[in-house]
Every structure is written in structure tokens, then in C-alpha cells.
1. Between residue 46 and residue 18, what is the spin-label point distance in nm, taking each point 7 Å from the Cα along the Cα→C-beta axis?
2. Report the convex hull volume per residue for the chain, counting only C-alpha atoms, in Å³.
3. Amide H neighbours of residue 15 under 5 Å, counting only residues 5+ apart in sequence or on other chains, H built in-plane at 1.01 Å?
4. Across the chain, how many lysine pairs, 8 or more apart or on two chains, come within less than 16 Å at their alpha-carbon atoms?
5. Using DSSP to define loop residues, name the GluC sites (Glu not before Pro) in the chain whose beta-carbon has at most 15 other beta-carbon atoms within 10 Å.
6. The chain: which chymotrypsin sites (Phe, Trp or Tyr not before Pro) are DSSP loop and have at most 16 other beta-carbon atoms within 10 angstrom?
7. Along Cα→Cβ, 7 Å out, is where each label goes; now give me the distance between the ones at residue 9 and residue 35 in nm to one decimal.
8. Assign unit charges at the C-beta atoms only (+1 for Lys and Arg, -1 for Asp and Glu), then state the dipole size of the range 5-50 relative to its Cα centre in Debye, rounded to the nearest 20.
Amino acid sequence: HFVQYIVTEYGVADLYGVSDEKRAEKLIKIAHPDFREELSEAFQKIKSTYYKN
């Protein structure tokens with residue numbers, strides 16, 4: 001993970017030192033509003049498959 005900041009017209013995500021799960025959440029928050037719900041739903045599916053406790 002070599003990227004620290006991602007900047008879009010909807011915000012800035014500081015990704016330094018955060019987990020993959022937190023990175024996804026931060027990126028969804030700065031995505032285009034039309035796609036946030038779809039991205040969030042897709043991430044929840046991935047999370048339930050790959051982030052089992």
C-alpha cells in the first residue's frame with residue numbers, strides 16, 4: 001500500500017496506515033454519490049466472504 005491520499009471532487013481519503021477494510025470504507029465515502037450505495041453493498045458481500053471472524 002503505497003498510496004497515502006486519494007482526492008476526488010467529493011473529498012479526500014487519507015489511507016496511510018489503515019486496514020484494507022477501512023480503506024474501502026474511506027474510498028466509498030469519496031466516490032460519486034450515485035455509486036456509493038452500490039459500492040457499499042458490493043463491499044458488504046466481499047466483507048462477509050473474506051473478512052470472517
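Derivation of every value follows stated rules applied to the coordinates shown; laboratory data play no part. Keep in mind that what you see is a predicted model, and the values were worked out from it rather than measured. FYI the Cβ positions are ideal-geometry reconstructions off the backbone, even for glycines, and counts take in every protein chain you see.
1. 1.4
2. Per-residue hull volume (Cα only) is 69 Å³.
3. Amide H neighbours of residue 15, under 5 Å, 5+ apart: 5, 6.
4. Count of close lysine pairs: 4.
5. 9
6. 2, 10, 16, 51
7. Modelled inter-label distance: 1.3 nm.
8. Taking the Cα centre of the range 5-50 as origin, the dipole is about 160 debye.
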